[in-house]
1. Mind listing the long-range amide H neighbours of ALA20? Cut-off is under 5 Å, sequence gap 5 or more, other chains count too, H placed in the peptide plane at 1.01 Å from N.
2. Along Cα→Cβ, 7 Å out, is where each label goes; now give me the distance between the ones at GLU124 and ASP65 in nm to one decimal.
3. Between SER230 and ASN106, what is the label-point separation in nm under the 7 Å Cα-to-beta-carbon projection?
4. Grab the alpha carbons of the chain, take their convex hull, and tell me the volume per residue in Å³.
5. Give or take rounding to whole Å, what are the principal axis extents of the alpha carbon atoms in region 1-144, in descending order?
6. Enter the Cα centre distance for the pair region 144-208 and region 1-64, rounded to the nearest angstrom.
7. Lysines near LYS244 by alpha-carbon distance under 20 Å, same-chain residues fewer than 8 away left out - which ones?
8. Please work out how much length the chain gains when fully extended from ASN259 to SER316, using 0.36 nm per residue of separation minus the C-alpha to C-alpha distance, in nm with one decimal.
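The values are calculated or read from the model by the stated rules, or taken from the named source; none is laboratory data. Here the structure is a predicted model, which means the values were calculated and not measured. Here Cβ is always computed from backbone atoms with ideal geometry, including for glycine, and neighbour counts include all displayed protein chains. Accessible surface is based on the protein model in full, side chains and every heavy atom, while ligands, DNA and RNA are left aside. Shrake-Rupley method; radii C 1.70, N 1.55, O 1.52, S 1.80 Å.
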Amino acid sequence: MITTDINKAKAVLIKNDLVAIPTETVYGLAGNAFSEEAVKKIYRLKRRPFYNPLIVHVKSTEYLDEVATDIPDVARELAGIMWPGPLTLVLNKQKYVPDLVTSGMNTVAVRVPNHKVSLVLLNELPFPLAAPSANPFGSISPTSAQHVFNYFGSEIDIILDGGDCERGLESTIIGFENNQAVLYRYGSITAEEIEKVAGGLIVHAKHDNKPIAPGMLAKHYSPKTITVVSDNVKKLVHSYKDKKAGFLLFNSKINNEDNIVQEVLSPNGDLNEAAKNLYAALHRLDSCNLDVIVVEYFPDEGIGKTINDRLQRASS
Ligand code: TXA
Ligand code: MG
(Lines give C-alpha, C1' and ligand atoms only; values in the text may rest on other atoms or scores of the structure.)
(Ligands and ions follow the chains in the order given, each with its own letter.)
Protein backbone atom coordinates (compact mmCIF):
# COMPACT_ATOMS: atom_id res chain seq x y z
CA MET A 1 0.00 0.00 0.00
CA ILE A 2 0.97 3.62 -0.48
CA THR A 3 1.49 5.36 2.86
CA THR A 4 3.40 8.17 4.57
CA ASP A 5 3.81 6.16 7.79
CA ILE A 6 7.55 5.85 8.40
CA ASN A 7 7.03 3.55 11.40
CA LYS A 8 5.26 0.99 9.24
CA ALA A 9 8.17 1.11 6.78
CA LYS A 10 10.63 0.62 9.61
CA ALA A 11 8.78 -2.44 10.91
CA VAL A 12 8.77 -4.05 7.46
CA LEU A 13 12.48 -3.39 6.87
CA ILE A 14 13.46 -4.81 10.26
CA LYS A 15 11.76 -8.08 9.21
CA ASN A 16 14.03 -8.06 6.13
CA ASP A 17 11.11 -7.33 3.83
CA LEU A 18 11.10 -4.55 1.22
CA VAL A 19 9.85 -0.96 1.14
CA ALA A 20 9.78 1.48 -1.77
CA ILE A 21 11.37 4.74 -0.63
CA PRO A 22 11.31 8.22 -2.11
CA THR A 23 14.60 9.92 -2.94
CA GLU A 24 15.38 13.17 -4.71
CA THR A 25 16.32 11.22 -7.87
CA VAL A 26 13.90 8.31 -8.33
CA TYR A 27 12.05 5.92 -6.00
CA GLY A 28 14.17 3.05 -4.65
CA LEU A 29 13.26 -0.55 -3.80
CA ALA A 30 14.90 -0.79 -0.40
CA GLY A 31 15.98 -3.59 1.90
CA ASN A 32 18.50 -4.16 4.72
CA ALA A 33 21.88 -3.91 2.97
CA PHE A 34 23.48 -6.20 5.54
CA SER A 35 20.92 -8.99 5.08
CA GLU A 36 21.35 -11.48 2.23
CA GLU A 37 17.74 -12.48 2.70
CA ALA A 38 16.51 -8.93 2.06
CA VAL A 39 18.92 -8.31 -0.81
CA LYS A 40 17.84 -11.53 -2.55
CA LYS A 41 14.25 -10.31 -2.41
CA ILE A 42 15.28 -7.11 -4.19
CA TYR A 43 16.85 -8.96 -7.12
CA ARG A 44 13.94 -11.36 -7.32
CA LEU A 45 11.21 -8.72 -7.31
CA LYS A 46 13.02 -6.49 -9.79
CA ARG A 47 13.88 -9.47 -12.00
CA ARG A 48 17.36 -8.03 -11.97
CA PRO A 49 20.35 -10.16 -12.97
CA PHE A 50 22.77 -10.84 -10.11
CA TYR A 51 25.66 -9.34 -12.08
CA ASN A 52 24.18 -5.86 -11.67
CA PRO A 53 25.13 -4.56 -8.19
CA LEU A 54 23.05 -2.34 -5.90
CA ILE A 55 23.61 1.10 -4.37
CA VAL A 56 23.86 1.25 -0.58
CA HIS A 57 22.11 4.25 1.00
CA VAL A 58 23.57 5.53 4.26
CA LYS A 59 22.21 8.13 6.65
CA SER A 60 25.15 10.51 6.66
CA THR A 61 28.66 11.12 5.43
CA GLU A 62 30.03 9.88 8.78
CA TYR A 63 28.56 6.48 8.03
CA LEU A 64 30.60 6.11 4.82
CA ASP A 65 33.44 4.28 6.58
CA GLU A 66 31.02 1.61 7.80
CA VAL A 67 30.53 0.33 4.26
CA ALA A 68 33.66 1.49 2.42
CA THR A 69 37.40 1.51 3.06
CA ASP A 70 40.63 2.96 1.50
CA ILE A 71 38.66 6.10 0.68
CA PRO A 72 40.60 8.53 -1.54
CA ASP A 73 40.76 12.17 -0.39
CA VAL A 74 38.98 13.30 -3.52
CA ALA A 75 36.07 10.98 -2.70
CA ARG A 76 35.78 12.49 0.78
CA GLU A 77 35.88 15.93 -0.70
CA LEU A 78 33.07 15.13 -3.15
CA ALA A 79 30.99 13.53 -0.39
CA GLY A 80 31.60 16.49 1.92
CA ILE A 81 30.29 18.92 -0.64
CA MET A 82 27.56 16.94 -2.40
CA TRP A 83 25.95 14.74 0.26
CA PRO A 84 23.12 14.42 0.96
CA GLY A 85 22.62 14.42 -2.79
CA PRO A 86 22.50 12.58 -6.10
CA LEU A 87 26.13 11.45 -6.13
CA THR A 88 27.02 7.75 -5.84
CA LEU A 89 30.63 6.85 -5.02
CA VAL A 90 32.13 3.50 -5.96
CA LEU A 91 34.72 2.56 -3.33
CA ASN A 92 36.43 -0.51 -1.88
CA LYS A 93 33.92 -2.33 0.27
CA GLN A 94 34.07 -3.35 3.90
CA LYS A 95 34.28 -7.12 4.30
CA TYR A 96 30.86 -7.49 5.87
CA VAL A 97 28.96 -5.87 2.98
CA PRO A 98 27.36 -8.99 1.41
CA ASP A 99 28.81 -10.08 -1.95
CA LEU A 100 25.27 -10.20 -3.24
CA VAL A 101 25.02 -6.39 -2.90
CA THR A 102 28.18 -5.83 -4.95
CA SER A 103 27.78 -8.72 -7.42
CA GLY A 104 30.94 -10.26 -6.03
CA MET A 105 33.06 -7.20 -6.76
CA ASN A 106 35.31 -5.75 -4.08
CA THR A 107 33.79 -2.30 -4.60
CA VAL A 108 30.54 -0.94 -3.21
CA ALA A 109 28.38 1.91 -4.54
CA VAL A 110 27.22 4.26 -1.78
CA ARG A 111 25.30 7.50 -1.39
CA VAL A 112 23.36 9.66 1.10
CA PRO A 113 19.97 10.45 -0.46
CA ASN A 114 18.62 13.97 -0.14
CA HIS A 115 15.02 13.35 0.83
CA LYS A 116 13.55 14.15 4.23
CA VAL A 117 11.41 11.02 4.46
CA SER A 118 14.22 8.61 3.61
CA LEU A 119 16.69 10.39 5.88
CA VAL A 120 14.28 10.13 8.82
CA LEU A 121 13.80 6.44 7.98
CA LEU A 122 17.55 5.77 7.70
CA ASN A 123 18.12 7.47 11.04
CA GLU A 124 15.58 5.13 12.63
CA LEU A 125 17.28 2.00 11.30
CA PRO A 126 20.34 0.14 12.62
CA PHE A 127 21.46 -0.73 9.07
CA PRO A 128 21.90 1.01 5.67
CA LEU A 129 19.51 0.36 2.78
CA ALA A 130 20.40 -1.35 -0.47
CA ALA A 131 18.12 0.17 -3.09
CA PRO A 132 18.03 0.01 -6.86
CA SER A 133 15.42 2.06 -8.68
CA ALA A 134 11.95 0.64 -7.93
CA ASN A 135 11.12 -0.61 -11.42
CA PRO A 136 11.41 -3.97 -13.17
CA PHE A 137 14.88 -4.37 -14.68
CA GLY A 138 15.37 -2.29 -17.83
CA SER A 139 12.14 -0.27 -17.62
CA ILE A 140 11.51 3.44 -16.98
CA SER A 141 12.42 4.52 -13.44
CA PRO A 142 9.61 5.65 -11.11
CA THR A 143 9.45 9.27 -9.95
CA SER A 144 6.23 8.97 -7.92
CA ALA A 145 4.69 6.50 -5.49
CA GLN A 146 1.98 5.81 -8.07
CA HIS A 147 4.58 4.79 -10.68
CA VAL A 148 5.92 2.21 -8.22
CA PHE A 149 2.41 0.95 -7.49
CA ASN A 150 1.68 0.66 -11.22
CA TYR A 151 4.68 -1.65 -11.59
CA PHE A 152 4.39 -3.79 -8.47
CA GLY A 153 0.92 -3.32 -6.94
CA SER A 154 0.68 -5.23 -3.68
CA GLU A 155 3.91 -7.17 -4.30
CA ILE A 156 5.54 -4.41 -2.20
CA ASP A 157 4.03 -4.20 1.29
CA ILE A 158 4.85 -0.55 1.81
CA ILE A 159 5.38 2.22 -0.74
CA LEU A 160 6.46 5.29 1.25
CA ASP A 161 5.01 8.35 -0.43
CA GLY A 162 7.37 11.31 -0.50
CA GLY A 163 5.78 13.15 -3.41
CA ASP A 164 7.24 13.60 -6.89
CA CYS A 165 11.02 13.27 -7.05
CA GLU A 166 12.69 16.68 -7.08
CA ARG A 167 15.48 15.77 -9.55
CA GLY A 168 13.82 13.05 -11.60
CA LEU A 169 17.00 11.42 -12.92
CA GLU A 170 19.23 8.88 -11.17
CA SER A 171 22.37 9.77 -9.26
CA THR A 172 25.70 10.39 -10.96
CA ILE A 173 28.05 7.43 -10.39
CA ILE A 174 31.72 8.17 -9.79
CA GLY A 175 34.55 5.69 -9.23
CA PHE A 176 38.25 6.24 -8.67
CA GLU A 177 41.22 4.94 -10.59
CA ASN A 178 44.70 5.99 -9.39
CA ASN A 179 43.03 8.62 -7.22
CA GLN A 180 41.35 10.18 -10.24
CA ALA A 181 37.59 10.53 -10.49
CA VAL A 182 35.94 8.43 -13.21
CA LEU A 183 32.36 8.95 -14.40
CA TYR A 184 30.48 5.62 -14.75
CA ARG A 185 26.96 6.97 -15.17
CA TYR A 186 25.70 10.42 -16.12
CA GLY A 187 23.21 11.59 -13.52
CA SER A 188 21.56 14.43 -11.65
CA ILE A 189 24.84 16.12 -10.77
CA THR A 190 26.50 17.32 -13.96
CA ALA A 191 29.93 16.18 -15.08
CA GLU A 192 31.01 19.82 -14.94
CA GLU A 193 30.09 20.10 -11.23
CA ILE A 194 32.08 16.95 -10.41
CA GLU A 195 35.04 18.08 -12.46
CA LYS A 196 35.21 21.38 -10.61
CA VAL A 197 35.56 19.68 -7.22
CA ALA A 198 37.64 16.67 -8.35
CA GLY A 199 40.01 18.76 -10.46
CA GLY A 200 39.44 16.51 -13.47
CA LEU A 201 37.15 13.72 -14.64
CA ILE A 202 37.65 10.69 -16.87
CA VAL A 203 34.47 9.60 -18.66
CA HIS A 204 33.81 5.85 -18.92
CA ALA A 205 30.05 6.15 -19.31
CA LYS A 206 29.97 4.82 -22.85
CA HIS A 207 27.21 2.71 -24.36
CA ASP A 208 28.17 -0.86 -24.17
CA ASN A 209 26.68 -4.32 -24.12
CA LYS A 210 29.52 -5.59 -21.92
CA PRO A 211 30.02 -2.65 -19.60
CA ILE A 212 32.76 -2.27 -16.95
CA ALA A 213 30.16 -0.85 -14.62
CA PRO A 214 27.17 -3.12 -15.23
CA GLY A 215 24.79 -0.18 -15.04
CA MET A 216 25.95 1.06 -18.38
CA LEU A 217 23.96 -1.42 -20.45
CA ALA A 218 23.20 0.07 -23.84
CA LYS A 219 19.51 -0.74 -23.51
CA HIS A 220 17.93 0.46 -20.28
CA TYR A 221 15.34 2.94 -19.00
CA SER A 222 13.05 1.70 -21.78
CA PRO A 223 9.37 2.24 -22.46
CA LYS A 224 7.45 -0.78 -23.81
CA THR A 225 6.60 1.29 -26.88
CA ILE A 226 9.19 1.52 -29.65
CA THR A 227 11.11 4.75 -29.04
CA VAL A 228 13.19 6.74 -31.49
CA VAL A 229 15.33 9.81 -30.88
CA SER A 230 15.82 12.50 -33.47
CA ASP A 231 17.57 15.84 -33.67
CA ASN A 232 14.88 17.15 -35.98
CA VAL A 233 11.55 15.91 -34.68
CA LYS A 234 9.58 18.76 -36.16
CA LYS A 235 10.66 17.89 -39.68
CA LEU A 236 10.09 14.22 -39.05
CA VAL A 237 6.51 14.53 -37.88
CA HIS A 238 5.00 13.98 -41.33
CA SER A 239 6.76 10.69 -41.87
CA TYR A 240 4.76 9.36 -38.89
CA LYS A 241 1.38 10.45 -40.33
CA ASP A 242 0.15 6.89 -40.78
CA LYS A 243 1.19 5.77 -37.33
CA LYS A 244 -0.09 6.45 -33.84
CA ALA A 245 2.92 8.48 -32.75
CA GLY A 246 3.51 10.39 -29.52
CA PHE A 247 6.08 13.15 -29.24
CA LEU A 248 8.34 14.09 -26.34
CA LEU A 249 9.62 17.63 -26.76
CA PHE A 250 11.89 20.00 -24.86
CA ASN A 251 10.25 23.43 -24.85
CA SER A 252 7.61 23.78 -27.55
CA LYS A 253 4.80 21.93 -29.25
CA ILE A 254 4.74 21.04 -32.91
CA ASN A 255 2.54 23.71 -34.52
CA ASN A 256 -0.86 22.88 -35.98
CA GLU A 257 -0.72 19.32 -34.77
CA ASP A 258 -3.48 19.32 -32.19
CA ASN A 259 -4.58 15.79 -32.94
CA ILE A 260 -1.32 14.10 -31.93
CA VAL A 261 -0.07 13.28 -28.45
CA GLN A 262 2.62 15.73 -27.38
CA GLU A 263 4.50 16.13 -24.10
CA VAL A 264 6.50 19.33 -23.60
CA LEU A 265 8.94 18.98 -20.70
CA SER A 266 9.72 22.64 -20.01
CA PRO A 267 7.93 25.47 -21.80
CA ASN A 268 10.55 27.86 -20.32
CA GLY A 269 13.43 25.85 -21.72
CA ASP A 270 14.75 24.96 -18.27
CA LEU A 271 16.82 21.76 -18.46
CA ASN A 272 16.39 20.98 -14.75
CA GLU A 273 12.63 21.21 -15.07
CA ALA A 274 12.81 18.98 -18.16
CA ALA A 275 14.86 16.42 -16.20
CA LYS A 276 12.33 16.42 -13.40
CA ASN A 277 9.44 15.79 -15.81
CA LEU A 278 11.13 13.35 -18.19
CA TYR A 279 10.21 9.96 -16.73
CA ALA A 280 6.64 10.93 -15.80
CA ALA A 281 6.10 12.05 -19.42
CA LEU A 282 7.57 8.79 -20.72
CA HIS A 283 5.31 6.80 -18.39
CA ARG A 284 2.28 8.72 -19.72
CA LEU A 285 3.26 8.26 -23.37
CA ASP A 286 3.94 4.58 -22.76
CA SER A 287 0.41 4.09 -21.46
CA CYS A 288 -1.22 5.62 -24.58
CA ASN A 289 -0.99 2.49 -26.76
CA LEU A 290 1.08 4.27 -29.37
CA ASP A 291 2.94 2.67 -32.28
CA VAL A 292 5.96 4.80 -31.60
CA ILE A 293 7.33 7.45 -29.23
CA VAL A 294 9.44 10.06 -30.97
CA VAL A 295 11.75 12.07 -28.73
CA GLU A 296 13.75 15.16 -29.37
CA TYR A 297 17.48 15.37 -28.55
CA PHE A 298 18.20 17.90 -25.84
CA PRO A 299 20.94 20.54 -25.78
CA ASP A 300 24.01 18.42 -25.02
CA GLU A 301 25.28 20.36 -22.01
CA GLY A 302 24.98 20.05 -18.24
CA ILE A 303 21.97 17.98 -17.25
CA GLY A 304 21.03 17.84 -20.96
CA LYS A 305 23.85 15.29 -21.35
CA THR A 306 22.17 13.06 -18.77
CA ILE A 307 18.79 13.43 -20.46
CA ASN A 308 20.32 12.50 -23.83
CA ASP A 309 22.09 9.54 -22.26
CA ARG A 310 18.77 8.20 -20.92
CA LEU A 311 16.96 8.86 -24.20
CA GLN A 312 19.61 7.00 -26.15
CA ARG A 313 19.36 3.98 -23.87
CA ALA A 314 15.56 4.14 -23.91
CA SER A 315 15.61 3.95 -27.70
CA SER A 316 18.55 1.62 -28.21
O1 TXA B 1 19.54 7.75 -8.00
C2 TXA B 1 19.86 6.58 -7.84
O3 TXA B 1 21.03 6.19 -7.92
C4 TXA B 1 18.73 5.58 -7.52
C5 TXA B 1 18.17 5.90 -6.15
C6 TXA B 1 17.15 4.89 -5.69
O7 TXA B 1 19.22 6.02 -5.23
N8 TXA B 1 19.21 4.24 -7.61
C9 TXA B 1 19.55 3.66 -8.79
O10 TXA B 1 19.89 2.34 -8.65
O11 TXA B 1 19.54 4.22 -9.85
P12 TXA B 1 20.03 1.33 -9.86
O13 TXA B 1 20.22 0.00 -9.23
O14 TXA B 1 18.89 1.47 -10.75
O15 TXA B 1 21.36 1.73 -10.50
C16 TXA B 1 22.57 1.53 -9.79
C17 TXA B 1 23.71 1.45 -10.71
C18 TXA B 1 23.67 0.20 -11.52
O19 TXA B 1 23.78 0.56 -12.86
C20 TXA B 1 24.90 -0.56 -11.07
O21 TXA B 1 25.52 -1.25 -12.13
C22 TXA B 1 25.79 0.53 -10.54
O23 TXA B 1 24.90 1.43 -9.95
N24 TXA B 1 26.69 0.00 -9.52
C25 TXA B 1 26.36 -0.48 -8.31
N26 TXA B 1 27.45 -0.93 -7.65
C27 TXA B 1 28.50 -0.71 -8.46
C28 TXA B 1 29.90 -0.96 -8.37
N29 TXA B 1 30.44 -1.54 -7.29
N30 TXA B 1 30.68 -0.60 -9.42
C31 TXA B 1 30.14 -0.03 -10.51
N32 TXA B 1 28.82 0.23 -10.68
C33 TXA B 1 28.01 -0.11 -9.67
MG1 MG C 1 17.70 1.51 -12.36
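1. For ALA20, the qualifying residues are ALA30, ILE158, ILE159, LEU160.
2. With each label point 7 Å from Cα toward Cβ, the separation is 2.9 nm.
3. With each label placed 7 Å out from Cα toward Cβ, I get 5.1 nm.
4. Measuring per residue, one finds 123 Å³ for the Cα hull of the chain.
5. 42, 30, 29
6. Using only Cα atoms to place each centre, the spacing works out to 16 Å.
7. Counting by Cα, and skipping residues close in sequence, LYS244 has these lysines nearby: LYS224, LYS234, LYS235, LYS253.
8. On the way: separation 57, 0.36 × 57 = 20.52 nm, distance 2.75 nm.
Stretched fully, the ASN259-SER316 segment lengthens by 17.8 nm.
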